[in-house]
1. So what's Rg/Rh here for the range 82-154, counting alpha carbon atoms and using the Kirkwood radius for Rh?
2. Per DSSP H run of n ≥ 4, the term is -39500 (n - 2.57); total these for the chain, divide by its residue number, and report the mean residue ellipticity at 222 nm rounded to 500 deg cm²/dmol.
3. In square angstrom, what is the accessible area per residue of the chain with a 1.4 angstrom probe?
4. Relative contact order, percent, of the chain when contacts are C-alpha pairs under 8 Å separated by at least 6 residues?
5. Which of the peptides 107-118, 80-91 is most tightly packed, and how do the rest follow, judged by the mean count of other Cβ atoms within 10 Å per residue?
6. Once each part is reduced to its C-alpha centroid, what is the distance from the range 1-49 to the range 61-126 in angstrom?
7. Report Rg(Cα)/(2.2 N^0.38 Å) for the chain, keeping two decimals.
8. In whole percent, how big is the carbon plus sulfur part of the accessible area of the chain, probe 1.4 Å, protein atoms only?
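The values are calculated or read from the model by the stated rules, or taken from the named source; none is laboratory data. If you're wondering where the values come from, they're calculated on a predicted model, not measured in any experiment. When we count neighbours, we look across all protein chains shown, and the Cβ atoms used for this are built from the backbone with ideal geometry, even at glycine. Only protein heavy atoms, including side chains, enter the accessible area calculation; ligands, DNA and RNA are left aside. Shrake-Rupley method; radii C 1.70, N 1.55, O 1.52, S 1.80 Å.
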Amino acid sequence: MGRRAVQLDLGVSYGLDRAGLPAPQSFRKWAEAALSGRVRRADLAIRLVGEREGRALNRHYRGKDYATNVLSFPAELPDGVSLPILGDIVLCAPVVAREAREHGKPLAAHYAHLTVHGVLHLLGMDHDDPLEAEAMEQLEREILAGLGIADPYL
């Protein structure tokens, strides 16, 4: 049985030069793959940032003074409010590019992985303990395989 199509309201913003970065349509495809079969409707935002903004966000929200590849910010809706708002994902473009180079991965495949990873966080998955991490990684592998992308953990 095929997966249901997701009605996705996606905003993609670029806080740095877009040259060499994936287009909004790519982020839509990757986010829809992560959401397919899990939710029917979703509203989320993805922002690509430089190292300075990425570092400031990571320091402010996680207390870690460095830029990281992806940050997920689940929506915090008031009690009784039921909207399909998932939250926001922030991708730090220089960190993503550096990791892709260091690991010999195609840049688009690394962006796809981190987008899927961020969406799964917005859906409530985590990797704080080994069993949760294993389940999340396996789901990421399956979603990415469906997109024709190799196992990101090899």
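1. 0.98
2. -14000 deg cm²/dmol
3. 57 Å²
4. 22 percent
5. 107-118, 80-91
6. 11 Å
7. Ratio of Cα Rg to 2.2 N^0.38 Å: 1.01.
8. After summing per-atom areas, the C and S share lands at 50 percent.
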